[in-house]
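Here the structure comes first, spelled out in structure tokens, and everything after it is commentary.
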Amino acid sequence: MSNPVNVARTWDLSGYFPRFDGPEFSAFKAALRHDVAGHLKHASLLAPLSDQTLLAWRDEIIAFEDVSARLGHLSSYIGCLAAADAASEAYRAEEAALSSLAAEVEKFRGELLRAVHHAPAALLTEFEAAPGMEGAGFFLRRLRQEAGLRMSTAEETLAADLAIDGLHAWGRLYDTLTGKMTFEMAWPDGRRETLPMSQRRSLMANQDRAVRKAAFDGGNTVWAAHEDTLAAALNGIAGTRHTLNRRRGIGHFLDGSLFDAAVSRRTIDAMFAAIHAQAALPRRILHLMGRLQGTQGIAWYDQEAPMQLPPQPPVNWEQACAMVDRAFSEHYPAIGDYFEDLLIKRWAESEKRPNKRPGAFCTGSELVREQRVYMTYNDTMNDVVTLAHEVGHAFHSHVLRTTRPLATSYPMTLAETASNFGEMLLIHGLLREPGLTPGQRAFLLDCEVGRAPSYLLNITARFEFERAFYEERAAGEVPVSRLRTLMSEAQFRTFGDALESGGDDPYFWASKLHFFISGLSFYNYPYTFGYLLSHALFAQFRREGPDFLPKYEAFLRRTGSATCEDAVREALGRDITQPEFWAEAIHAIEHPLKELEALLPSLVGTR
Ligand SMILES: [Zn+2]
């Protein structure tokens, strides 16, 4: 860092409120509750959008933007406090109060949906052109689209009421059943132990293959014992969705998810076509893992096994900040400046202390346009990468700071682009520094390519299974034996010869919670999309150099006001509906993979 700046480990939240539970905080909450109630009442009395009600609805849209930004401000603040002090009952009580306020704002949004539901296109165009609506067009068009995917208000209310004891009850059944599940762990040394199912996943990430296999086998005995119950839950969730889709006039079971992701079917098809065509590349990483453990390919339970790298030297917080700053400032001065500013203002919480919630996140306020980064920094290189990731997110919000709040919420598909870009700036910056040991190089290369099998193969197999299951479910209940077959087929199709014979997991559909989320289907593919998009952007940055950066920022500014296709085409001049775009993104991992393949065997041999 050019000047030694404040590298405090705790954050300053006074940009939100002077203090928790002070008069400003109480007055803010009371005013927000009052305004939400007032607007909800007013909006519910308005007739749907017409020439007569156009200006009144314009005011309600602007009011909705205002209360949403204030709710976001409050929610970000309370989220920060609660994460940094998980033992506080006062913060937990605020979180509960916040969710009831959020439900009121959601009812207000329901009124906006009612307003535009049957609005003809010409009227909507007029609405978009009303004074005060500049930059809100995308929000309004999506509101209209969403309204078009709904039944009548009475039917939606009935569906929501029935869902409590139907659709969502299946999800709760899954949570309750699996939350109490235990399995028999047969340790390689002969010990037997009964463990909660929640520990299985970390055991399947153990260094020792025999431990991974024992956890896998012990777990699957239990999943098999419960397969009929779990199949009933899965069939119940999917069957309800099919029925609701038909009633809502939704043509395809993927449409709702694609709408949320702001992406077209054609783009997703192009992405998966490219992944299948280029699958040899991510499979090479699994073959490499197999060679290192002496097997032909890997088994399902080997996927989370750590690469056998020499231990990395510890990195303290000051060194971590200096590393991130160096890599950012040298290759992208604007994000380097932003990061220094963030440290000076104490917008990062990294201290290691008891009672902090686990994990890392970035949050912010559309009201004061400030961001905060949360993590628990443990002196590891992985934590340095996490810091770059979260600062990438924060920079995204910083770029959006002059955009109206209605045009700042971006879909899952675009959410991880800036964070992965931040990680890659760090990794590539460090890889160019002189004096790295081969072990450090291998670590950085593994950061860059090590996740490719999970994004490109594992998630693809999940998507293929879910799609095949929904297709068959449309004709009636899918028997449990068929679920196992569909699961194994999807695994072998995507992993190919990288999965050893008998190395599939026919019960993955049962053990993966994502398939049982009652509020949403096809949870995973936006992550693959974001992973590949950020690789494509970074490859373009490496080709074009600094000229690329204004385009990158133009892209970030568009993430909340355009479909994925439009945002990428307008800002970067690329067409994501074509498989070539995705193939190029996948190929970006080839060069680092080659280097890793050359480095690893010697490193592992000399340990
Ligand atoms: Zn992230």
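The values are calculated or read from the model by the stated rules, or taken from the named source; none is laboratory data. As the structure is a prediction and not an experimental result, all values here were calculated from the model. Heads up, the Cβs are rebuilt from the backbone with ideal geometry, glycines too, and the neighbour counts pull from every protein chain shown. Please note that ligands, DNA and RNA were not included when accessible areas were found on the heavy atoms of the full protein model with its side chains. Shrake-Rupley method; radii C 1.70, N 1.55, O 1.52, S 1.80 Å.
Descriptive notes on the structure:
- Restricting the search to helices (runs of 4 or more DSSP H) fully inside segment 226-291 and requiring at least 2 residues that are crowded, with 17+ Cβ neighbours inside 10 Å and among the polar types (S, T, N, Q) gives 227-248.
- Only residues that are over 20 Å from Tyr174 (Cα atoms) and either open to solvent by less than 70 Å² (accessible area, probe 1.4 Å) or of a type outside the set (S, T, N, Q) (or both) were counted across segment 195-217, and they come to 13.
- Look at segment 22-33: where a residue is touching a residue at least 24 places away in the same chain (Cβ under 8 Å) and a partner is of a type outside the set (A, V, I, L, M, F, W, C) and part of a helix (DSSP H, G or I), sitting 6+ places away or on another chain with Cβ atoms under 6 Å, you get Leu32/Arg70.
- Restricting segment 67-90 to residues that are surrounded by 18 or more Cβ atoms within 10 Å (Cβ to Cβ) and without any contact (Cβ under 8 Å) to a residue 40 or more places away in the chain leaves a set whose member that is farthest from Phe127 (Cα to Cα) is Ile78.
- Residue match in segment 384-406 (condition: assigned to a helix (DSSP H, G or I), open to solvent by 50 Å² or more (accessible area, probe 1.4 Å), within 20 Å of Glu318 (Cα to Cα) and away from the ligand (no atom under 12 Å from the Cβ)): no
- Scanning segment 410-456 for residues that are part of a helix (DSSP H, G or I), among the aromatic types (Phe, Trp, Tyr) and within 16 Å of the ligand (Cβ to nearest atom) gives Phe421, Tyr455.
- Those residues of segment 177-215 which are at pLDDT below 95 and β-branched (Val, Ile, Thr), in sequence order: Thr178
- Long-range neighbours under 7 Å by Cβ, at least six apart or interchain, first residue without any contact (Cβ under 8 Å) to a residue 60 or more places away in the chain within segment 395-423, second more than 10 Å from the ligand (Cβ to nearest atom): Ser397/Gly364; Ser397/Gln371; Arg401/Arg369; Glu423/Val385; Glu423/Ala388
- Check on Leu112, under 28 Å from the mean Cα position of the chain (by Cα) and under 26 Å from Glu134 (Cα atoms): yes
- Index of the failed condition, Tyr374 passing every other in (1) hydroxyl-bearing (Ser, Thr, Tyr); (2) within 11 Å of the ligand (Cβ to nearest atom); (3) modelled with pLDDT of 95 or more; (4) open to solvent by less than 10 Å² (accessible area, probe 1.4 Å): (2)
- Residue, nearest to Thr10 (Cα to Cα), within segment 330-371, restricted to residues that are part of a helix (DSSP H, G or I) and touching a residue at least 60 places away in the same chain (Cβ under 8 Å): Leu343
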